[in-house]
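S.K.: One structure, pasted below without further comment.
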Amino acid sequence: LWGIRLVAGRFARAGSRVGRLNRNRVMLPREGMMYLLIMIVAFVASLIGRSNMLMLVFSIMAGPFIVNGWVTFSLLRRNHVRRTVPPRAMAGETISVEVTLQNRKLWFSSWLMVVRDRVGRSSEGGFLGPSTEVGLEPTVLFASVKPGTDRTACYQLRLNRRGRYQFGPLEVSTRFPLGLVERGFVTDEHGEMLVYPQIGILSSRWYRESQLAAEMIERQQTRKGMFEDEFHHLRNFRPGDSPREVHWRTSARMNELMVQEFHQSRDQELIVLLDLWQPARPSEADVERVELAVSFTATICMDHLRQTRGVEQVLSICGRKSTSLRYTTIGQAVESLLDTLALVEGGPADGLALAAMKASQSMNSLVRCVLVTTRRNDADLTSQLGSDGLPNLEVI
């Protein structure tokens, strides 16, 4: 019966919620099993040999065993545990998760309480492939929690892959005072955290190519200055400055001539096509290519939002599902952009042709179009985009 109960508890723990058989658990550590084995041997020997001395030894050993079980049961009563998880984090950075244990008893302290958490990554479409991380089990130890008080401890994690991570349930256990019996309970304290893809640093080659493309742009727009495009700042009048550049209202207020200075604005709009093609049964290399493509896309999108002002950025994602994002300012884009890239999954990428067709309609000399793909075979990409592909398309 004891074995059946333990097996049923294991199956209940594998579910999303904790089964009733597994809420309160009792187990024997290795020391307790050895202690129990010696007790059984002494008891059987006393019966076979009819030895009162061995029966006395068995009785003396049984006392601490029973007392240990009763003490652990008393310590676990009226304890409450909760967890505080940051809602978002970046892949590769160290995060801290706080665990708080509250002792609601009136008279007895809670000694040597161990709180064990469970952390796992979830995916609707199974984009994790064979690299699915085994569930982590971080543990914190509370040496003593006085009655009517609470203590807070924390553990640190470094999650190296993006995605949605599930926390819980929490398991509280203790072996105090002798370590012969371990008792515990499991609570449905669940949490969730979104891990963003890692943001890298672009090389000088990327900026060099972007600057070269900007220098070749011919703008058709009215300029505020004689040679410049956008207002930069006001400065004092210098010999040789054009009188048309004088800002008369500021000059009258400052009682000296002030000139408007402009600078050229060659910010380009950016269209990024993210092609997350992945076979039905991805290998480790396929999964790594998807992760690298997502991280690189997040890097160029974030860099473009920081470096430009007032220009549009379009991100079209083709993978297990197809989605499109459009932004103009960094304030409204960062959270939504990274939330989307944290959860995208590789797949058949059937929407690439449609996304490329929409991108071609917006292509002009002021737009930079980049295709980030995980396909290794150029023939597959040609079959999707056609033999001509897109004009001025950078394939990465």
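Every number in this text was worked out from the coordinates using simple rules, so none of it is lab data. Just so it is clear, the structure is predicted and the values come from calculations on it, not from any experiment. Please note: Cβ atoms are built from the backbone with ideal geometry, for glycine as well, and neighbour counts cover all protein chains shown.
S.K.: I'd like the FRET efficiency for ILE199 and LYS358, computed as 1/(1 + (r/R0)^6) with the beta carbon distance as r and R0 of 22 Å, rounded to 0.05.
M.R.: On the way: r = 27 Å, r/R0 = 1.21.
Using R0 = 22 Å, I get an efficiency of 0.25.
S.K.: Would you please classify the overall shape of region 36-186 from the alpha carbon gyration tensor, given that a ≥ b ≥ c denote the square roots of the eigenvalues, rounded means a/c under 1.5, and beyond that prolate means a/b larger than b/c while oblate covers the rest?
M.R.: oblate
S.K.: Please find the FRET efficiency linking PHE108 to ARG82, where r is the Cβ-Cβ separation and R0 is fixed at 35 Å, and quote it to the nearest 0.05. Mind dumping the intermediate values first?
M.R.: Details: r = 21 Å, r/R0 = 0.60.
It comes out at approximately 0.95.
S.K.: Now, a different point. Hey, how many Å between the Cα centroid of region 284-350 and the Cα centroid of region 60-102?
M.R.: If you average the Cα positions of each part, the centres end up 40 Å apart.
S.K.: For the peptides 106-115, 296-305, what is the packing order when you average, over each peptide's residues, the other Cβ atoms within 10 Å and list the highest mean first?
M.R.: Order by mean packing, descending: 296-305, 106-115.
S.K.: I've got another one for you. In what sequence, highest mean first, do 70-81, 270-281 appear when ranked by Cβ atoms within 10 angstrom?
M.R.: The packing order, highest mean first, is 270-281, 70-81.
S.K.: What length, rounded to one decimal in nm, is gained on full extension from ASN160 through to LEU47, with 0.36 nm per residue of separation minus their alpha-carbon distance?
M.R.: 34.7 nm
S.K.: Could you give the size of the charge dipole of region 149-195 about its Cα centre, using +1 on the Cβ of each K and R and -1 on the Cβ of each D and E, expressed in debye and rounded to the nearest 20?
M.R.: Numbers: 7 positive and 6 negative charges, 67 e Å.
The calculated dipole for region 149-195 is roughly 320 debye.
S.K.: Which residues in region 348-384 place their backbone N less than 20 Å from a point set 7 Å from the Cα of GLU284 along the Cα-to-Cβ direction?
M.R.: Backbone N within reach: 376.
S.K.: First check a/c for region 311-375, with a ≥ b ≥ c the square roots of the eigenvalues of its C-alpha gyration tensor; if it is under 1.5, answer rounded, and if not, answer prolate when a/b is larger than b/c or oblate otherwise.
M.R.: Verdict is oblate for region 311-375.
S.K.: Evaluate the distance, in nm, between pseudo-label points positioned 7 Å from the Cα of ASP350 and of ASN255 along their respective Cα→Cβ axes.
M.R.: 7.6
S.K.: What is the sum of charges, Lys and Arg at +1 and Asp and Glu at -1, for the other residues whose Cβ falls under 10 Å from the Cβ of VAL395? Before the final figure, lay out each step's value.
M.R.: Numbers: positive: ARG375; negative: ASP275, ASP378, GLU394.
Around VAL395, the surrounding residues sum to -2.
S.K.: Let me ask you something else. Highest first, please rank the peptides 371-381, 338-348, 243-253 by the mean number of other Cβ atoms sitting within 10 Å of their residues.
M.R.: Per-residue Cβ counts within 10 Å, averaged per peptide and sorted highest first, yield 338-348, 371-381, 243-253.
S.K.: Suppose the chain between ARG309 and SER96 were pulled fully straight at 0.36 nm per residue; how much longer would it get relative to their current alpha carbon spacing?
M.R.: 73.2 nm
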